[in-house]
1. About the Cα centre, and with charges only on the beta carbon of Lys, Arg (+1) and Asp, Glu (-1), how big is the dipole of region 387-460? Nearest 20 debye, please.
2. Evaluate the Debye formula for region 408-457 with equal point scatterers sitting on the alpha carbons, no solvent, and hand back log10 of I(q)/I(0) at q = 0.20, 0.33 Å⁻¹, in q order, two decimals.
3. With +1 on each Lys and Arg Cβ and -1 on each Asp and Glu Cβ, and nothing else charged, work out how big the dipole of region 494-536 is about its Cα centre, in Debye to the nearest 20.
4. Tell me the Kirkwood hydrodynamic radius of region 494-572 in angstroms, computed as one over the mean inverse distance between distinct C-alpha pairs.
5. Could you tell me what percent of the accessible area of region 126-235 is made up of carbon and sulfur, with a 1.4 Å probe and every protein chain present?
6. In whole Hz, with x marking every Gly and Pro, tabulate ³J(HN,Hα) for region 532-544 from phi via Karplus 6.51 cos²θ - 1.76 cosθ + 1.60, θ = phi - 60°.
7. Order 509, 557, most accessible first, counting only protein heavy atoms with a 1.4 angstrom probe.
8. Ignoring ligands, DNA and RNA, how do 156, 466 rank by accessible area with a 1.4 Å probe, largest first?
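The values are calculated or read from the model by the stated rules, or taken from the named source; none is laboratory data. Owing to the predicted nature of the structure, the values given are computational and were not obtained by experimental measurement. Ideal geometry is used to build each Cβ from the backbone, glycine not excepted, and the neighbour counts take in all protein chains shown. Quick note on the areas: whole protein, heavy atoms, side chains included, nothing else; ligands and nucleic acids left out. Shrake-Rupley method; radii C 1.70, N 1.55, O 1.52, S 1.80 Å.
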Amino acid sequence: MSDKENNSMPEEAQKQENLIDNTAENAIDNQEENTQEPLNNEENSNENTLADTKDTSTAPTAEKNAQQEVDEALAEDSEDEEANLRHEIEMKDYHSLTMNELIKELTELVKTNKILAIREHVAEIKAEFEAKYEEEFEQKKEDFLEEGGNIIDFHYYSPTKKKFDTIYFDYKEKRNNYYEQLKQNLNENLKVRLAIIEELKGMIGVGADMNSNFQQFKELQERWKKAGPVPRNQYNDIWRTYHHHVEHFYDFLHLDREFRDLDFKHNLDQKLKIIARAEELAEEKDTNRAFRELQMLHKMWKEEVGPVAKEYREDIWEKFSTATKKIHENRQAFFSELDKAREDNLAIKQELIEKIDAIASNEITNHSQAQQLIRDMESLRESFFKSGKVPQKNNQETWTQFKEAVRKFNRNKNAFYKNLKKEQQENLKRKLDLILIAEENKDSEDFETVTPVMKKIQNDWKKIGYVPRKDSDKIWKRFKEACNHYFDRVHAVRNEENKEELKAFEDKKELLDKAKDIKLTGDHQEDLKIIKQQIEAWKNIGRVPYNKRYIEGKFNKALDALFNQLDIDRKQAEMLKYENRLETLDKNDNVREIEKEEFFLRKKISETKADINQLENNLQFFSNVDENNPLVRDVHKNIKKHQEQLETWKAKLKKIKAL
């Protein structure tokens with residue numbers, strides 16, 4: 001708006017009270033944040049601030065000229081004297097933050113800053129939080145439905161959402177209290193300014209002393225500057241009204257050119273300085289900073305510096321407007337570059353969506369694969385939010401594609417785990433059956449029969465797959481307690497038995513050492529008696545632990561050494577040792593071992609007979625050969641050896657059958 005345009009005034013017949021009524025009710029409403037804003041993850045951030053002087057929902061357009069932009073920004077900032085504080089707060093990339101990080105940012109903003117200064121920050125944080133919460137909510141709902149739930153029964157409680165709502169409620173309460181007080185102040189200031197205008201109007205045409213009149217005018221100007229903010233939607237109108245009457249007052253001062261010309265000259269100097277600074281700002285690289293300072297220059301032009309002589313008004317206004325337009329164009333170029341950068345972000349997000357969609361198309365076949373895909377999805381999701389904003393025209397479409405790709409994956413994942421749960425329920429039933437067996441046998445005294453059963457069900461348990469997590473610990477505790485109860489009893493009994501067996505082992509080890517040191521006398525009968533005494537003493541000691549039965553073989557070797565010193569029939573020596581073994585089997589009352597020994601003897605008898613038959617058949621090939629032939633003699637010798645072994649095996653079988 002040029003100074004010369006100030007001559008075009010609205011009707012002065014408009015009453016002050018009407019002006020107040022038209023502004024008071026709506027001034028604060030325009031400030032209120034729209035709490036029902038769409039869940040939009042790609043809304044503008046820094047460029048949507050009041051400092052940037054755009055409408056908060058759209059970027060600057062070609063239809064808005066530079067001066068309109070400045071006027072709107074100045075009117076909005078002028079509504080509150082602390083509005084400029086918002087420029088000191090960094091507008092972060094809230095889009096890339098998690099819900100918990102957004103809560104942290106909101107808490108800090110509300111705690112440490114003026115309410116009006118954080119309005120745009122809170123709006124941005126709220127939009128981002130709601131978008132992320134909506135995504136989480138939809139995912140939980142899909143999970144619930146995939147598991148067979150009914151939509152009317154779905155309820156989702158989020159401690160994170162509750163925490164955010166609590167902090168946001170605190171912000172709204174402070175904001176509402178602030179606006180209530182601000183509303184009163186704005187209306188009071190409006191009344192004060194309208195009263196000043198009336199006083200100014202009353203001074204025009206009064207035939208008082210010109211010097212006194214001018215001093216009174218200066219006092220009015222100072223009062224105007226200190227009158228405080230008014231509602232933004234009336235800022236420009238009330239300024240034009242005031243400025244119109246100021247110029248009218250200066251026209252009245254033609255009666256005393258000295259006062260008027262001095263003030264005109266001072267005002268011209270001030271406005272030329274403002275123009276010079278504006279032209280410097282046109283070269284400023286930081287376009288936001290340049291525009292904010294331009295706002296202050298326009299405010300000084302309007303509110304602090306009075307009019308100039310008519311012959312300069314149009315020229316200086318054109319210069320100021322040209323600088324303003326250049327700064328405006330710089331901002332438009334900045335936003336264009338910003339859109340180009342956001343086009344790059346769009347390409348990145350589209351690539352991420354394609355990767356998410358590719359993962360969502362994979363067939364999930366096992367839990368390990370599903371967990372890896374979940375980790376991959378979370379990584380891509382995080383990258384999506386950290387990749388920056390996209391152009392606003394592509395925002396909704398991109399967000400929709402992202403959510404659909406994520407939901408597609410969630411449906412596949414949920415379907416897999418739904419089938420997995422069926423399998424886990426079957427596994428649960430099988431494990432419960434094993435628990436029943438364990439609990440039914442845990443107090444059994446039939447250790448020989450039950451121990452193999454208990455070991456088998458333990459192996460079977462390991463082969464059964466996963467069960468539902470909520471049941472896993474509980475059923476394992478039951479199974480473990482039953483098995484431990486049984487095997488603790490088995491070990492307790494065996495430990496008691498082992499005491500005697502360990503003592504028997506120590507005694508036999510001592511006897512073995514003595515047997516190795518025996519020196520026979522050479523008297524056959526006396527020596528045989530000594531050996532038999534050793535065998536009898538060995539038998540009387542009793543059974544040793546299973547893992548120490550190797551000592552039996554060592555004792556037999558010691559006996560062999562003694563028998564070799566005697567001129568005793570081989571069969572007799574073998575039967576003396578065998579009687580010792582039979583005594584051990586009989587004492588142990590181990591039917592199974594006796595049966596195995598009998599089977600072994602029968603098998604050896606059968607094998608020995610077959611060997612003898614084969615050797616006798618071989619002799620037929622030597623029917624015409626002399627009996628003294630070495631080969632024939634070896635065959636006869638071998639047959640005799642096998643016949644002696646056969647007699648020994650038969651004697652052993654007879655002994656074991658007698659048990």
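1. 1220
2. Cα-only, vacuum Debye calculation for region 408-457: -0.71, -1.11.
3. For this selection, approximately 100 debye.
4. 13.5
5. Of all accessible area on region 126-235, carbon and sulfur atoms account for 49 percent.
6. 5, 5, 5, 5, 5, 4, 4, 5, 6, 5, x, 7, 10
7. Of 509, 557, the descending order of accessible area is 557, 509.
8. 466, 156
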